[in-house]
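Below you'll find the structure, written out as structure tokens, and then a few comments.
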């Protein structure tokens, strides 16, 4: 039986969203087609402060392989990366926001915060490495 690639894409996306515990309206799968590979940026959207952040990025020869790489990452990332808490605000606002990121180091956490935005629009007040759970 031939597998419908769109069904496989949808199933992989649903499994990833379920695994990270976010509904489909809170996850964006941003694919970038290149000559010899596809890059996938998994973006999460926080409805409380209406901002989006990079969750992780993977690559594959096609969308399916990129999604399979992402699924492998979400299943294993907590064991391989540290958890960080970043307190920040949007320039011109007086609200302090708190966001959580998994990354290999502090710079990786900040890269996820600043992904696809002008770094001058956010003021970071603190970055903390969370204790191991």
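Data overview
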{"read-out": "Residues being closer than 21 Å to residue 75 by Cα and modelled with pLDDT under 95 - total across the range 106-133", "value": "4"}
{"read-out": "Failed item, numbered, when residue 104 is tested on (1) closer than 27 Å to residue 123 by Cβ; (2) touching a helix residue (DSSP H, G or I) at 6+ places or on another chain (Cβ under 6 Å)", "value": "(2)"}
{"read-out": "Of all residues in the range 19-52 being at pLDDT below 90 and under 19 Å from residue 72 (Cβ atoms), the one that is surrounded by the fewest Cβ atoms within 10 Å (Cβ to Cβ)", "value": "21"}
{"read-out": "Some residue of the range 83-106 being free of Cβ contacts under 8 Å to residues at least 24 places away in the same chain, assigned to a strand (DSSP E or B), surrounded by 11 or more Cβ atoms within 10 Å (Cβ to Cβ) and under 13 Å from the mean Cα position of the chain (by Cα)", "value": "yes"}
{"read-out": "Residue in the range 26-40 that is within 22 Å of residue 129 (Cα to Cα), outside any helix (DSSP H, G or I) and free of Cβ contacts under 8 Å to residues at least 40 places away in the same chain present", "value": "no"}
{"read-out": "Checking residue 122 against (1) under 30 Å from residue 8 (Cα atoms); (2) touching a helix residue (DSSP H, G or I) at 6+ places or on another chain (Cβ under 9 Å), the condition it does not meet", "value": "(1)"}
{"read-out": "In the range 109-127, residue farthest from the chain's Cα centre (by Cα) [restricted to those that are without any contact (Cβ under 8 Å) to a residue 24 or more places away in the chain and outside any loop (DSSP other than H, G, I, E, B)]", "value": "119"}
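The values are calculated or read from the model by the stated rules, or taken from the named source; none is laboratory data. Just so we're clear, the structure is a prediction, and the values are computed from it rather than from any experiment. Glycine gets a Cβ as well: all are built from the backbone with ideal geometry, and neighbour counts include every protein chain shown.
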